[in-house]
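Have a look at the structure below, then the notes.
The values are calculated or read from the model by the stated rules, or taken from the named source; none is laboratory data. The shown structure was predicted, so the numbers you read here are calculated from the model rather than taken from an experiment. Heads up, the Cβs are rebuilt from the backbone with ideal geometry, glycines too, and the neighbour counts pull from every protein chain shown. Just the protein is used for accessible areas: all its heavy atoms, side chains included, with ligands, DNA and RNA removed. Shrake-Rupley method; radii C 1.70, N 1.55, O 1.52, S 1.80 Å.
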Amino acid sequence: MMITGATGFLGSHLVDASDAGRWELLAESSGSLDIRRRDAVIDRIHTWKPNVVVHLAYRRGDRQVIVDGTRNVAEGAAAAGARLIHMSTDVVFAGRPQPYTEHDRPDAVIDYGRWKAEAEAAAYAVNPTSLAVRTSLLYGTERQAVCQTDVADALDGRSRMQFFTDEYRCPAHAADVAAALVALADRPDVTGVLHVAGPQAVSRAQLAQTFAVWMGRDPGAVPTASLADAGVDRPGIVVLDTSAATALGLGCRSLADALR
Ligand SMILES: NC(=O)c1ccc[n+]([C@@H]2O[C@H](COP(=O)([O-])OP(=O)(O)OC[C@H]3O[C@@H](n4cnc5c(N)ncnc54)[C@H](OP(=O)(O)O)[C@@H]3O)[C@@H](O)[C@H]2O)c1
């Protein structure tokens, strides 16, 4: 199994999860393989000939990494006959009260979501048997994600971040998503798009308060606001329907179970 973005938050969980399996790993970082370099990417995949490429690499705000990099990895995997699984996001959607299924068309309203939707389409065009796994906000317990350190920073006065009461997501423990990726590596019959996310929709404010309690801090001290009051234009309610993943036996724990 080759992993791009193996040094990232999800990547480090995937490296741990794949240890439990039978995978020989090639774990890449931006330093060992820059996915913007098409020829180098194709050459590395061709030389190593992995059964599966799990593509996690991304750089915030960088369309070249997100879109062109994904296309390069998809081309390399297709040329080497490797299965490609790549990560995408819930914010390919604009937000609405009803959950989104895999059949809903992306209609992103922010660049990151637009670029991830472009990356999904680019990967699919090059490699029609690839799988895009969309997930939501990731958090951890052994390692903390940015959405957790943000809470500590706000509580300690290191930032003025506010947590929105009307921005809903389905947070997932990164270890659960990593376990799903390992299982999906063995399921070449699963192609297209699959939603793998937490079972509950919670607001960013509720999530931050939950993390505050988990950190032994006062949840009442978490600064909250509404998107509208703060003048922030971001998707509001984005709930991923995960029934297809559940039917495959893939699921993420609730916040209460994962943070227990
Ligand atoms: N975190 C979330 O809440 C979340 C939610 C939904 C979807 N996702 C998706 O899940 C995936 C993993 O996210 P993450 O949170 O684990 O990301 P992350 O912690 O920011 O890690 C990003 C990884 O990408 C690598 N990278 C950056 N630029 C690169 C380049 N030019 N060439 C090769 N590698 C490069 C980084 O390598 P270095 O360590 O060398 O910089 C790092 O290993 C992404 O596709 C993201 O869109 C994440």
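Observations on the model:
- Beta-bridge orientation, the chain: approximately 10 percent antiparallel, per DSSP, counting only bridges with both partners inside.
- Taking GluC sites (Glu not before Pro) as exposed when their DSSP state is a loop state and no more than 13 other Cβ atoms lie within 10 Å, the longest site-free interval of the chain runs over 143-260.
- At a probe radius of 1.4 angstrom, the accessible area of segment 44-139 per residue rounds to 43 square angstrom.
- Ordering 196-204, 215-223, 151-159, 244-252 by mean Cβ neighbour count within 10 Å, with the highest value first, yields 196-204, 244-252, 151-159, 215-223.
- Ligands, DNA and RNA left out, the accessible area of the chain computed with a 1.4 Å probe is 48% carbon and sulfur.
- Residue separation of A125 and R60 scaled by 0.36 nm, minus their Cα-Cα distance, works out to 21.1 nm of gained length.
- Nearest 10 degrees, 0 to 90: helix 174-185 Cα axis against the chain principal axis: 20 degrees
- Max mean-square fluctuation residue, GNM over the chain, Cα-Cα springs under 10 Å, options P188, P97, P128: P97
- Cα long-axis angle, helix 146-155 against the chain (0 to 90 degrees, to the nearest 10): 20 degrees
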